[in-house]
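Structure record follows, encoded as structure tokens.
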Amino acid sequence: MSSPSWLDTGDNAWQLTAGSLVGLQSIPGLVVLYAGIVKRKWAINSAFMAFYAFAAVLICWVIWAYKMAFGEQWGAAPFVGTPGPILTMNDELKQTLLPTSGLTTNFPLSTMVYFQFVFAAITLVILAGAFLGRMNFTAWMIFVPLWLTFSYTVGAFSLWGGGFLASRGVIDYSGGYVIHVSAGTAGFVGAAWIGPRLQKDREDFQPNNVLLTLVGAGILWTGWNGFNGGDPYAASADAGAAVLNTNIATAMSLLVWTILDIIFFKKPAVIGAVQGMITGLVAITPAAGVVAGWGAIIIGALSGSIPWVSMNIIGKKVWLFQYVDDTLGVYHTHTVAGIVGGMMVGVFATSEGSAAFGLTNPGGAIDGNWKQVWLQLVGWLFIVGLNIFMTSVIMAFIKYVLRIPLRMSEEQLLIGDDAVHGEDAYAFGDVRRSILHGDTQRVPISGDGEIGIIQGMAQDNGERAHDEAGRTKTESEGSEENK
């Protein structure tokens, strides 16, 4: 059992490595990125939403959700698998088999379950980016397992588990549709249900730590090598092509976004570069191992420009984007970029890349297969429709059936982390100092890191002493003055 004939130790080692890289994208990658990119008062709440989702998804995944996404088809409709646990030692040691599609791998089921878990987890973590700064944490705790069960598993089964989109030939190499279009769509719909942040937070939501944001972004970029490189389920030539193409497209997207920022805003914004990096990663995801390097460059150029227009021009003029408070612009960076990448698969997929990935598709439009463009369109329309419907149902259930508010109270919105979690992100915000033998106490008076200082100052008998610089100090014995 330690070395069965079907086990390829190289494939297993790479798959575990790839899964670990994807796990690092969520924790610490997006945890750190979220903590840095939001206002100081929301650093803990934003990071913890991601941390909670990662843990909650894993427990749901092994008890019922993995089999819904990759198990035997449930009933006559090819939309979802039969729920059930993956918890016995026999389950964990046996060879991977996706029963609906008939796919087998040269590594154990435990490796596959973990690899697919980190994809499911990061989808919820990405989705959280649209809710930051105002979603009731209790509602988030309930939303995560419900959305995983009724939305994510359906998309995953339909495209990856042998469902109807996979059987018809829709290509989603590593989650452009299953993960990014679904997260962006669900985030936008959910944000509409929750309601907006405080108006002053919407108007002024400067990152509290740009360098911390860059650290998280760097982890996200590097971890994407596992995100796309692990999807051939083997340490194959196509895995190498996917990793290279991922980095090509991302670099191109970042450069294009930065150039557009310089042209239109006269400055190369760091946060803009991070957005361009993310859109590049997202757009190449559905295409990574089936397009050539030149195709990756084109996809990167499109992902650095189309989502830029969506976010910076359309997003600022169309009333719907003004009404819905999508905190980090997840719709633009994930839905729009995911659709761009998914549709470009239909155009630039090569027959050689498709064959290397184990597909029977004869490439895309460049190889004469214009049908692939139509198939890709059907794929993203299904994912968008699924998430509009399911997210609305789940939000309505939490709000009207469970009677749990989707939005924080006004007091919590005003104060932030201190009111929600009783914790502060940075220790220097709670420092106590002695001023002229008195005590300094922190009294939160707003959620912007503002501090009310009550200074008790021991005074002498009213005499005035003048220092050498001509500064005057007043001391009154037996009295205290609050400033």
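The values are calculated or read from the model by the stated rules, or taken from the named source; none is laboratory data. All of these numbers come straight from a predicted model, not from anything done at the bench. As a convention, Cβ positions derive from the backbone with ideal geometry for all residues, glycine included, and neighbour counts pool all protein chains shown. The area values use the complete protein model at the heavy-atom level, side chains included, leaving out ligands, DNA and RNA. Shrake-Rupley method; radii C 1.70, N 1.55, O 1.52, S 1.80 Å.
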Given (1) assigned to a strand (DSSP E or B); (2) open to solvent by 10 Å² or more (accessible area, probe 1.4 Å); (3) touching a residue at least 60 places away in the same chain (Cβ under 8 Å), index of the condition Met141 fails: (1)
Residue within segment 175-189 that is touching a strand residue (DSSP E or B) at 6+ places or on another chain (Cβ under 7 Å) and in a helix (DSSP H, G or I) present: no
Selection within segment 268-295 - in a helix (DSSP H, G or I), among the aliphatic types (A, V, I, L, M) and within 17 Å of Val373 (Cα to Cα): Ala283, Ile284
Only listed residue being in contact with a His (Cβ under 8 Å, 6 or more places away or on another chain), at pLDDT 95 or above and not polar (S, T, N, Q), chosen from Phe48, Phe54: Phe48
Segment 330-367, residues that are open to solvent by less than 20 Å² (accessible area, probe 1.4 Å), within 17 Å of the chain's Cα centre (by Cα) and either modelled with pLDDT under 95 or among the hydrophobic types (A, V, I, L, M, F, W, C) (or both): Val330, Ala337
Val210 being touching a residue at least 12 places away in the same chain (Cβ under 8 Å), crowded, with 23+ Cβ neighbours inside 10 Å and of a type in the set (A, V, I, L, M): no
Top-ranked residue in segment 236-247 [being touching a residue at least 60 places away in the same chain (Cβ under 8 Å) and surrounded by fewer than 21 Cβ atoms within 10 Å (Cβ to Cβ); ranked as nearest to Leu24 (Cα to Cα)]: Ser236
Every residue from segment 389-409 that is without any contact (Cβ under 8 Å) to a residue 40 or more places away in the chain and either surrounded by fewer than 13 Cβ atoms within 10 Å (Cβ to Cβ) or farther than 11 Å from Val189 by Cα (or both): Tyr400, Val401, Arg403, Ser409
Single residue of Ser46, Ser101 found to be open to solvent by less than 50 Å² (accessible area, probe 1.4 Å), in contact (Cβ under 8 Å) with a residue 12 or more places away in the chain and among the hydroxyl-bearing types (Ser, Thr, Tyr): Ser46
Some residue of segment 248-266 being surrounded by fewer than 17 Cβ atoms within 10 Å (Cβ to Cβ), out of contact with any Lys or Arg (no Cβ under 8 Å at 6 or more places or on another chain) and not in a helix (DSSP H, G or I): yes
Exclusive hit being under 25 Å from Phe143 (Cα atoms), small (Gly, Ala, Ser), open to solvent by less than 30 Å² (accessible area, probe 1.4 Å) and part of a loop (DSSP other than H, G, I, E, B), set Gly29, Gly84: Gly84
Unmet criterion (only one of (1) in contact (Cβ under 8 Å) with a residue 12 or more places away in the chain; (2) part of a loop (DSSP other than H, G, I, E, B)) for Ser5: (1)
Candidate set from segment 288-313 (those that are over 22 Å from the mean Cα position of the chain (by Cα) and without any contact (Cβ under 8 Å) to a residue 40 or more places away in the chain); member that is farthest from Lys266 (Cα to Cα): Trp294
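Taking segment 160-173 as the search range and keeping residues that are part of a helix (DSSP H, G or I) and open to solvent by 10 Å² or more (accessible area, probe 1.4 Å), which one is farthest from Ser101 (Cα to Cα)?
To start, the set of residues in segment 160-173 that are part of a helix (DSSP H, G or I) comprises 164-168.
When the remaining residues are screened for being open to solvent by 10 Å² or more (accessible area, probe 1.4 Å), the result is 164, 166-168.
Working: Phe164: 10, Ala166: 9, Ser167: 8, Arg168: 12 Å.
Within segment 160-173, the match that is farthest from Ser101 (Cα to Cα) is Arg168.
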